[in-house]
Structures are given as structure tokens and as C-alpha cells.
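To start, the structure under review is shown below, and the notes come after it.
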Amino acid sequence: MVVCACFSSLCLSKASTFLFIKSGLVCMMLENRSMSGRVLLLLLSVNVISFIVNAVPETCPADLGEKCGEDGEWGGEFFPGIPKIKYEGPSSKNPLAYKWYNAEEVILGKKMKDWLRFSVAFWHTFRGTGADPFGAPTKYWPWEDGTNSIAMAKRRMRANFEFLNKLGVDRWCFHDRDIAPDGKTLQETNSNLDEVVALAKELQGDKIRPLWGTAQLFLHPRYMHGAATSSELGVYAFAAAQVKKAMEVTHYLGGENYVFWGGREGYQTLLNTDMERELDHLARFLEAAVAYKKKIGFNGTLLIEPKPQEPTKHQYDWDAATTLNFLRKYGLLGEFKLNIECNHATLSGHSCHHDLETARINGLLGNIDANTGDPQVGWDTDQFMTDIGEATMVMLSVIKNGGLAPGGFNFDAKLRRESTDVEDLFIAHISGMDTLARGLRNAAKLIEDGSLAELVRKRYSSFDTELGGQIEAGKADFEMLEKNVMEWGEPKVASAKQELAEMIFQSAL
Ligand code: XUL
Ligand code: CO
């Protein structure tokens, strides 16, 4: 077992998933042999491992020949055989075609592509490995060479842009550390980032831009107590330096928004936590971000992404309402909007529709992280949305909001661990896009039909009276209302018509 553990750590320190799997096989063999057989196998495997370690090239993988160009870079397409994805209409059976998303089609006065403003999340699509707490990675994309080198980061970036172009999506989202490897110092890390970002800028051309960028403030052990809410001043400062750089590169790439997801901003127990002080620190941090945004002339929207739990037991930005209260208390309203993630909303015990409406009616709906959870699983499963009913409710909010621009729909969603074909990446995005496109069409039908809105209008119609007007204008005091009650007697209370509302809603799906 010791041998196995040592192999695994050797392999992990090389960040090589190929080696990880291979060492796993050696471990299994060792467990089934006699002592002398084990020693022999051990020697053999040390040789094999050291051969593999030395043989792993910096760039092209050894076992996928013909793709390595002369300069050692990936040659040809990353997604050969996958065409540019086109709209074929609802009767199409082609998995690599849109059935409902027709980018140029106008719905309620706006093109579908302008309502939907889709974006691919670099971290799930290009860094997601399928690993879970019980199992090793399952996805070995052909272009991965098993290293976390700058050369590999650049190759992944090229794959990202081929993917976007084939999908016909003009936006992407990233964390700083997804796209470029950490160096030994902040200076080295920043220069790695600059190198990859320069390539991304070139590959973006005139059309593609980040929907948003963000800083990865949760993976590195330094952030174990949080970043802006860490009990360590040095960590607060490090996080500030990291966000400063991430804002600069987002601005440089023409990003339209910048996201603050809480990461580890929260607590595990109040017994060791000064919650008031931590929240004050978070507010100071966000104030400094606002000041820096203005200093560098970044006009994008700053977005906060609420989430109630995971990774901490209690995340400070619990849901839309909690985050709204935080912004109000610290005088930050007007500087931030919200990025509502559907699976986060359901984790907090709400529907996605609820958190979207909470954000919308407070003028804070800025962006949607489009995903969904599993009704039988209580955590953040980050699945692509496939429920037409949920998508229709989401789109009702978006239409009422007049769209999301400069925000959009970021697919913060990943393939299931068991989906391992490259084409699955396309199928998942096509399915997510079609689901929201269908939601948009249905929501438009409901709005054009008007009977749901009429049902709601009627329900409150008793307020469309002189006295109702006085109440809503804050001009009706208790004595005045009492006088009316004395005259009217018992009020008549009408039906809420919930089943009728549900029937109308269903008829549009
Ligand atoms: C985590 C999550 C993040 C943010 C960006 O649950 O949603 O991916 O969207 O940091
Ligand atoms: Co998210």
C-alpha cells in the first residue's frame, strides 16, 4: 500500500493523469502477487514509471501520433468530424444540430442570439476531468498531454476557440487559474497568465469576447480560510493582488462583466469566527475592486454570484436576498448586480425562478449561470438544463428584465462523469442551448397570449380602485381603513386560480 501511495503522489506531483491510471494498475497487480513476485513487479514498475516520466513530452502526447506538427504543437483540428453546428428545426434527429435555437430568428422584437447571449465555461469544458471524491478522472481529451505546462495551456486555448467557433457561440468565461498555470511566485504566475492571455486575445478575433472573467480564490491551500474573509491579512492581500490582475486581463480581453463568486467566503463554525469582522472585510475588498475598476477604465458590470453552501458550511452570499441586504448595508448598491446560478438557487431552498425574480424586482439581475441540479441529489451537480418548464420560467424573468445584456447565459455546467466522448461536449451544449431557446419560445407564447398576465392582473384588481391607489401611494392610514371596514363588513375573498395558472403555463410547453 505504501508503494501505491508513493506512486500516486509521484504521479500527481507530475500532474499526469495518464501516469495516475498506470500507477493504479501497478498497485492492483501488486496486491494480487506473492512476495517475490511483488518485488519483481515493483522493480519492473519503477522502470516503467521512470520511463514514462521521462518520456512524457512537454506538448504532444506520445500515444496519439499524427497530431503533432513539426514544431511539437497540435496539428489539424481538435474536433475533427464535428461540423459547424446549424439550426435544422424541431423535426431534426441530428444530435449535432440545433432544433430550437435559431440565432437570427426574431422573438418579441429581438434576435434569439441577443436574448440568450450564450457563453462556454472554460473550467468545466476544458479543465473538467470527471474526477469525483470516489474516483479518478474519466476524461482524456485527445489534445491533453497530461501536463499543466504553458504549452498545454495554449493548446487548450486553441481547442476552446475551435469549440466556440463550431458551436457558433461568441462568449466564454474563465477563472485566471483555469487558463494558465500557477508559477512559484505571483510575478511568475502573472507572467504565465499574460502569455496565455496574449494568445487568447489573438484567437478571439473581432467577434468573440469573455462574457466574464473571475479569479480562482478557492483551490490553493492559502485560501483555506477564505480570501477576502480569511483570518490572515497576508491572504487578504494576496487575494486582492490576484483580483487586480484578473480584472486587468478581463478588461484587456474586452470582457463585459467580472464575477465574484464567494469561493470559501463563509464559515465552518461560528465558534471560531468573527462574522461581523469577516463581512466588514468582504465589503472593504469589494469597495477596493470598485475603485480599481474605475481606475483602469473597465466599464463591465461587477457581478456577485450567490451560493448558500459548498465549499463552506455557510457561504456569506447565501442567496439573492441575503446578498442584496449585504450590498445595501455597505452602500454598494449601484456598483454590483447579481449572477444567479440556478443550481445555487435550488441549493438555497428556492427555485431558480424565485432568485431571478428577487434579483429582477430589485434591479439587480445581471447574468445567469445556466445549469440545474438533480431533484434527488442535494448538492451542486452543475448539470446542463433540460427541463423545459424550468427554462420557460427562467425566460419569463429574462423577458420581463428586458434581456440580460451586457450579461448572458454562461453554461456553468459539466458533463456527467460517465460521458467521455469529445462529441458529448457538443451534445451537452446544444441540448442546453435548445432547452433555453425552447423556454424563450414558450415564454414568448405565454406573453403574447396574455391570459396568465390577465389572471395575475385580475387577482390584484381590488387594488385598482381609488382606495387601492391611496394604499399603494402610502396615503391610507389605519383609521381610514378601519372606517371602510365598518361600512363594508366581511370582505369577499376570490380564488387564487393556481390550477388554472398551471394549466395555462403547461399549454405553452
Ligand atoms: C461554483 C461556481 C463557480 C463560479 C465562478 O459553484 O459556480 O464556478 O461560477 O467562480
Ligand atoms: Co457559477
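The values are calculated or read from the model by the stated rules, or taken from the named source; none is laboratory data. Here the structure is a predicted model, which means the values were calculated and not measured. When we count neighbours, we look across all protein chains shown, and the Cβ atoms used for this are built from the backbone with ideal geometry, even at glycine.
Restricting the first member to region 168-192 and to residues that are closer than 28 Å to Pro83 by Cα, and the second to residues that are surrounded by 14 or more Cβ atoms within 10 Å (Cβ to Cβ) and charged (D, E, K, R), the beta-carbon pairs closer than 6 Å and six or more apart or on different chains are Asp178/Arg127. Among the residues of region 356-380, those that are within 15 Å of ligand 1 (Cβ to nearest atom), buried (at least 24 other Cβ atoms within 10 Å of the Cβ) and more than 14 Å from Ala391 (Cα to Cα) comprise Gly366, Asn367. Of all residues in region 204-260, those satisfying the criterion of being of a type in the set (Phe, Trp, Tyr) and within 18 Å of Phe298 (Cβ to Cβ) are Trp212, Tyr252, Tyr258, Phe260.
The listed residues are Tyr330, Tyr316, and the only one of them that is of a type in the set (Phe, Trp, Tyr) and surrounded by 22 or more Cβ atoms within 10 Å (Cβ to Cβ) turns out to be Tyr316.
Of the residues screened, Ile399 is not one that is of a type in the set (A, V, I, L, M, F, W, C) and touching a Pro at 6+ places or on another chain (Cβ under 7 Å).
Only one entry in Asp449, Asp412, Asp421 is of a type in the set (Asp, Glu), within 18 Å of the chain's Cα centre (by Cα) and either farther than 14 Å from His124 by Cβ or within 16 Å of ligand 1 (Cβ to nearest atom) (or both), namely Asp412. Per the listing His353, His344, His314, the residue uniquely more than 16 Å from ligand 1 (Cβ to nearest atom) and either among the basic types (Lys, Arg) or modelled with pLDDT of 95 or more (or both) is His353. For region 324-336, does any single residue satisfy the condition of being within 16 Å of ligand 2 (Cβ to nearest atom), in the same structural domain as Glu287 (by TED's automatic domain parsing) and either under 23 Å from Asp132 (Cα atoms) or of a type outside the set (S, T, N, Q) (or both)? The answer is yes, given that some residue of region 324-336 is within 16 Å of ligand 2 (Cβ to nearest atom), in the same structural domain as Glu287 (by TED's automatic domain parsing) and either under 23 Å from Asp132 (Cα atoms) or of a type outside the set (S, T, N, Q) (or both).
Restricting attention to region 334-351, the residues that are in contact (Cβ under 8 Å) with a residue 40 or more places away in the chain and closer than 19 Å to Ala405 by Cα total 6. Can you say whether Pro311 is over 19 Å from Gly366 (Cα atoms), within 16 Å of ligand 2 (Cβ to nearest atom), touching a residue at least 40 places away in the same chain (Cβ under 8 Å) and within 22 Å of the chain's Cα centre (by Cα), as far as the supplied structure shows? Judged against the criteria, Pro311 is a match. Restricting attention to region 371-388, does a residue exist that is aliphatic (A, V, I, L, M), at pLDDT 95 or above and either assigned to a helix (DSSP H, G or I) or more than 16 Å from ligand 2 (Cβ to nearest atom) (or both)? Looking for residues that are aliphatic (A, V, I, L, M), at pLDDT 95 or above and either assigned to a helix (DSSP H, G or I) or more than 16 Å from ligand 2 (Cβ to nearest atom) (or both), one finds at least one in region 371-388, hence yes. Does region 221-232 contain at least one residue that is of a type in the set (A, V, I, L, M, F, W, C) and either under 20 Å from the mean Cα position of the chain (by Cα) or more than 28 Å from Asp280 (Cβ to Cβ) (or both)? Yes, that holds for at least one residue. Every residue in region 396-409 that is among the hydrophobic types (A, V, I, L, M, F, W, C) and either under 18 Å from the mean Cα position of the chain (by Cα) or not in a helix (DSSP H, G or I) (or both), please. Scanning region 396-409 gives Val398, Leu404, Ala405, Phe409. Hey, among the residues in region 258-272 that are touching a Lys or Arg at 6+ places or on another chain (Cβ under 8 Å) and within 16 Å of ligand 2 (Cβ to nearest atom), which one's nearest to Arg117 (Cα to Cα)? It comes out as Tyr258.
When every residue of region 86-109 is checked against the conditions, none turns out to be farther than 19 Å from Ser431 by Cβ and basic (Lys, Arg). For region 394-410, filtered to residues that are away from ligand 2 (no atom under 16 Å from the Cβ) and in contact with a Gly (Cβ under 8 Å, 6 or more places away or on another chain), the residue that is farthest from Gly432 (Cα to Cα) is Pro406.
One residue alone among Thr125, Thr138, Thr147, Thr129 is within 16 Å of ligand 1 (Cβ to nearest atom), in a loop (DSSP other than H, G, I, E, B) and of a type in the set (Val, Ile, Thr), and that residue is Thr129. Taken over region 257-283, residues that are farther than 12 Å from Phe326 by Cβ and surrounded by 14 or more Cβ atoms within 10 Å (Cβ to Cβ) amount to 10.
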